[in-house]
Structure formats: structure tokens, C-alpha cells
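Asker: Just passing along the structure, written as C-alpha cells.
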Amino acid sequence: TGQRTVPYVFVGERFVGGCDDGPEPWMGAMPLLRSGALQQLLDSGSLPADAAALQATARTPVPRRNVALAAGSALAAASLYAYQRLDPLDPVTLLRKLEAESPPLPQALASGRGTLVEFYAPWCAECREMAPMMYRLEKEYAGRVNFVLVDGADPKNEQLVSLFSVDGVPHFGFISAERKLLQTLIGNVPRQAMEASLRRLL
């Protein structure tokens, strides 16, 4: 169909597959892990005060395949329509609710539990499509895994977007209780794969 159905998968800074584009230098968290900026954030639990230092790590996003985006958008729109017919809660409202209820990242990192950081954008069809699933998973893993939602389109989150090397949304970063980035997933992640990654944080 031309639609990418399996997300990019990284373990640490090593690309292990999961898409038909192959590994590229800009994918996942590899450049930021090499620079040490992201690990510095995870170790300290706070953003660097020098915003200029973050600009050195910012990269120009690489556009995704237009055909895949078009096919994915059409499928996501159909799924959203079906979902909204069954549940009146708007997916964007649900994402905002999840974001408002999620702990600040420094607080999550200091909790002694694993943390899932999700970057989303209100205009992202895949983010809206995944919102109900992520809501259910958050309830299932409550008290065991921190869920931190970040609006990647909001300028106030630019530092976090740069530190986590967010090139596309949804972008999921799985951080261990020891504050190590274990894995990065990008795109529409199936529930089975999401749960397998969450179990690594327990």
C-alpha cells in the first residue's frame, strides 16, 4: 500500500530497523546521544539554562515520504471518524487532558520509575488516532510507569524537542528508572509493540 505500518525502532543509539527507509544519520536520538546533551538532561532532571547550547544540537527535519503521509492521513481520518462516532470525546481534547495530567519531566525522572515521554502535535493524525490507546495504557500502567505528554508544536517545548531529537510525531522515548534512554519509537505504534516497550520499564 505504500504506507509505513512499523515505526522506526532504536535501542540506545543503535537503529535496529522497523521501516522501509533504512537507517539515516538524522533518525531517532543518535546525534543527541553522541553529544551527551540528552543524557545530561536525564542525569540532572532539568533543562540546561543555556538555550544557545541547545541550538547547536537542533537539526533540520527531513521530510517523510509524501505517498506514505497521504495514505496514512486518509486511513487515520477514517479511523478517527469511526472512533468519534463511538466516543464523543475529541482526540485532541483527550491529548490535552493527558498532557495536563502528566507530571513535569523532572518530577517523573526523580520518581524512581520508568518514564514514557510522548511528543505529539494537535494537527498530527497518527497522534489523534493513538490517543484512546495511550489513554487506556496510562490507566493500566498507573503507579508503575510515568507518562509524560509534550506538545511538540508548542514553542515553549522547543528545548525538549531539540534534546530528544524529535523529527516527527508521534515520538516516544522510553526512559528507565536509572534515567537511561532505552528505546525510541516513531510513528503509529501497534499496541503489542507499545506494551512490549512499556514492560521494559517495569
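The values are calculated or read from the model by the stated rules, or taken from the named source; none is laboratory data. Note that the structure is a prediction, hence the values are computed from the model and not measured. Methodologically, a virtual Cβ is constructed for each residue, glycine included, from the backbone with ideal geometry; neighbour enumeration extends over all protein chains shown. In case anyone asks, the SASA skips ligands and DNA or RNA and just uses the protein heavy atoms, side chains included. Shrake-Rupley method; radii C 1.70, N 1.55, O 1.52, S 1.80 Å.
Asker: Within the range 100-131, work out how many residues are open to solvent by less than 40 Å² (accessible area, probe 1.4 Å) and within 22 Å of K180 (Cα to Cα).
Answerer: Qualifying residue count, the range 100-131: 12.
Asker: A further question follows. Output the number of residues of the range 168-182 satisfying the condition of being buried (at least 22 other Cβ atoms within 10 Å of the Cβ) and over 10 Å from the mean Cα position of the chain (by Cα).
Answerer: Adding up the residues that qualify gives 2.
Asker: Then there's this: Give the residue, chosen from D167, D151, that is among the charged types (D, E, K, R) and modelled with pLDDT under 95. Full working, then the answer.
Answerer: Working: D151 fails: modelled with pLDDT under 95.
Answer to the selection: D167.
Asker: Name the residues in the range 132-156 that are assigned to a helix (DSSP H, G or I) and either among the basic types (K, R) or open to solvent by 20 Å² or more (accessible area, probe 1.4 Å) (or both), would you?
Answerer: M133, Y135, R136, E138, K139, E140, P155, K156
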